[in-house]
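Heads up: the structure comes next, in structure tokens.
Each reported figure results from applying straightforward, stated rules to the coordinates on display, with no laboratory input. Just so we're clear, the structure is a prediction, and the values are computed from it rather than from any experiment. Positions of Cβ are backbone-derived with ideal geometry, glycine not excepted, and every protein chain shown enters the neighbour counts.
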Amino acid sequence: MNDTLPGPERLAELARAVPEGILFGTSSWTYPGWKGMVYQRDYPKTGSSAAMLEEYARFPLFRTVGIDSTFYAPPTPEQLTSYARALRPGFRCVSKVWDRLTVNTFPKARYRAQGGEPNPDFLNADVFLDEVIRPCDAHFAGHTGPFVFEFQTITRSEGFNPLSFADRLDRFFARLPREQAYAVEVRNQEFLTPPYFAVLREHNVAHVFNSWTRMPPVGEQIELPGAFTAPFAVARILLRPGRTYSEAVDAFAPYDRIQDRNPALRRDIARLVRQAQALRIPAYILVNNRAEGSAPITIAAVAALLEEQERGER
């Protein structure tokens with residue numbers, strides 16, 4: 001079972017085999033192509049997010065989910081309330097942070113009027129607390145997992161080097177409440193330095209092990225000294241390194257089958273699980289459809305690999 005989704009009994013068996021504290025989920029969930037896999041009901045193209053989430057959370061292998069829409073705008077009370085009603089108690093979500101806080105220079109593709117200008121709210125702790133933390137505390141308590149700060153590729157012209165980026169993170173996280181869980185995802189390989197990991201460790205912030213176009217494979221990131229920086233781990237399995245997001249979208253939709261099987265990536269995810277177990281920390285592992293073609297099938301394949309490895313160790 002590597003490229004197809006198993007039946008209900010086998011799915012339940014695989015779910016029982018996933019170690020406690022290992023939380024698999026997907027990057028977002030509003031994919032009609034999952035009908036017959038994750039979803040049994042028909043949903044309209046828009047306006048069904050909370051209803052789909054309720055059914056998503058019943059899928060045996062899913063213990064978390066990535067809320068990606070909050071990258072484009074902070075969550076509204078209505079949105080958070082609808083999600084909270086859809087989820088069972090204790091089901092925690094990994095939320096991407098509004099990109100208004102993580103872009104140093106406004107990208108022209110998204111911010112046409114401000115494109116190319118410096119962003120005054122880059123890593124603004126007050127904006128983060130007001131627009132993200134307080135609404136979640138009020139309307140999503142009990143479902144809040146790590147907040148992921150995704151930093152898209154920062155160019156040299158923006159004036160950051162690895163040390164100055166780490167210093168800027170240090171000043172920002174020093175102002176945030178420590179009872180929340182935070183994680184940082186970078187798209188600049190050169191930022192993966194001892195100062196970067198030291199700053200994250202100082203503030204109990206996780207490095208996001210990400211599979212992305214211009215990043216080293218997850219297995220190589222795991223091997224970096226001090227890469228596990230928090231009392232939890234976060235991974236986002238997005239793309240095969242070297243492939244662009246738009247290429248994957250065009251090639252893999254509607255995400256109902258494996259189209260680019262990647263055994264090395266599956267083994268890297270399994271290694272991350274074993275490392276988290278050895279460190280006795282929970283791990284939030286989010287898989288994107290664009291990694292292999294269908295995130296639910298990839299997760300099932302990794303669960304089967306973990307089961308196989310466990311048998312081999314007995």
Report summary line: The summed charge of the Leu163 Cβ neighbourhood (under 12 Å; Lys/Arg +1, Asp/Glu -1) stands at -2
Query raised in the report: Using the C-alpha gyration tensor of the chain, what are the square roots of 5 times its eigenvalues, in whole angstrom, with the largest one first?
Result: 29, 23, 20
Requested in this report: Can you tell me which of 195-206, 253-264 comes out highest on packing, and rank the rest after it, using the mean Cβ neighbours within 10 Å?
Outcome: 195-206, 253-264
Report task. Starting from the Cα of Lys108, draw a straight line to each of the lysines and keep only those under 30 Å, dropping any in the same chain fewer than 8 residues away. Result -> Lys45, Lys96
Report summary line: With the 8 Å Cα cutoff and a minimum separation of six or more residues, the chain has a relative contact order in percent of 21
Query - Whole-Å distance, taken between Cα centres, linking region 1-23 and region 99-115 - result: 40
Report task. Over 20 Å, how big is the tail of the calculated P(r) for region 160-314, in percent of all Cα pairs? Result -> 52
Requested in this report: Would you mind listing how long region 41-106 runs along its three principal axes, going by Cα atoms, in whole Å with the largest first?
Outcome: 42, 26, 21
**Report entry** Whole-Å semi-axes of the ellipsoid equivalent to region 157-252 (Cα gyration tensor, √5λ, descending)
**Finding:** 25, 15, 13
Report summary line: Scoring only Lys, Arg, Asp and Glu (+1, +1, -1, -1) among other residues with Cβ under 15 Å from the Cβ of Ser294 yields +2
Report summary line: Projected onto the charge dipole of region 167-314 (unit charges on the beta-carbon of Lys, Arg, Asp and Glu, signs +1, +1, -1, -1), the Cα from Pro177, Asn289, Gln277 with the largest positive-side position is that of Pro177
Query raised in the report: Taking only C-alpha pairs under 8 Å that are 6+ residues apart, what is the relative contact order of region 28-141 in percent?
Result: 24
**Report entry** With Cα atoms, 0 to 90° folded angle of helix 295-313 axis to the chain main axis
**Finding:** 70
Query - Acute angle (nearest 10 degrees) that the helix 263-279 long axis makes with the longest principal axis of the chain, alpha-carbon atoms - result: 70
Report task. Looking at the chain, send over the antiparallel percent of its DSSP beta bridges, to the nearest 5. Result -> 5
Query raised in the report: Dipole of the chain (Lys/Arg Cβ +1, Asp/Glu Cβ -1, origin at the Cα centre): which of Gly25, Ser157, Trp212 lies farthest to the positive side?
Result: Gly25
Report summary line: Extension length gain for Arg41 and Ser164 (0.36 nm per residue less Cα distance), in nm, is 39.3 nm
